[in-house]
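Structure, as structure tokens:
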Amino acid sequence: MAKKAEKIEQYLIDLMVTYHEIDQDIWLLDDPDHGLEEVVIMYNDPLVIFRVQVMEAPQDRRLELFTMLLELNASDLLHGAYGLEKDEIVLIDTLEYDGMDFAEFRATLDSFGLALVQHYPILSPYRTTSRPGG
């Protein structure tokens, strides 16, 4: 019997991105050519969760940074949003597995790739440490 989340792996193959399954129904994308470094995709029925750790939140200038992230959420992200998880800035999106099609899956990853590349110069002055692999 095929596992239900096989649609995700097929989409990853179709997109020709570099990835590996790190646990059952959890994939790690490590594809700098597509701007997708350390993006985690998790299937947690009924959702597909896309997540990437962007940077550690600095202790100073937080209000300025968080304001900027909210503005980017509103003006520059079509899929997903920046959030705060403990002291980490993350980019996250969720899709409903059963209704998810290839175009929607690709659009989320395209949005992540663009955001990570285009927002790096904006966010880098706030970085206290470099992102692993970045």
Item to check | Residues satisfying the stated conditions in region 13-41, i.e. in contact (Cβ under 8 Å) with a residue 24 or more places away in the chain and hydrophobic (A, V, I, L, M, F, W, C) | outcome: Leu15, Val17, Leu29, Leu36, Val39, Ile41
Checklist outcome for this item: Picking from Leu69, Leu29, the residue that is surrounded by 17 or more Cβ atoms within 10 Å (Cβ to Cβ) and over 18 Å from Glu9 (Cβ atoms) would be Leu69
Item to check | region 83-104 residues that are in contact (Cβ under 8 Å) with a residue 12 or more places away in the chain and more than 18 Å from Leu69 (Cβ to Cβ), paired with ones that are hydroxyl-bearing (Ser, Thr, Tyr) and assigned to a strand (DSSP E or B) (beta carbon under 9 Å, 6 or more apart) | outcome: Tyr97/Tyr43
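Every residue, every condition in (1) farther than 17 Å from Leu123 by Cβ; (2) in contact with a strand residue (DSSP E or B) (Cβ under 7 Å, 6 or more places away or on another chain), yes or no:
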| residue | (1), (2) |
| --- | --- |
| Glu21 | yes, yes |
| Met42 | yes, yes |
| Ile49 | yes, yes |
| Glu56 | no, yes |
| Ile89 | no, yes |
| Asp101 | yes, no |
Checklist outcome for this item: Restricting region 79-119 to residues that are polar (S, T, N, Q) and either in contact with a helix residue (DSSP H, G or I) (Cβ under 8 Å, 6 or more places away or on another chain) or at pLDDT 95 or above (or both), the one surrounded by the most Cβ atoms within 10 Å (Cβ to Cβ) turns out to be Thr108
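The values are calculated or read from the model by the stated rules, or taken from the named source; none is laboratory data. Here the structure is a predicted model, which is why all the values come from computation and not from measurement. Don't worry about glycine lacking a Cβ; one is built from the backbone with ideal geometry, like all the others, and counts go over all protein chains shown.
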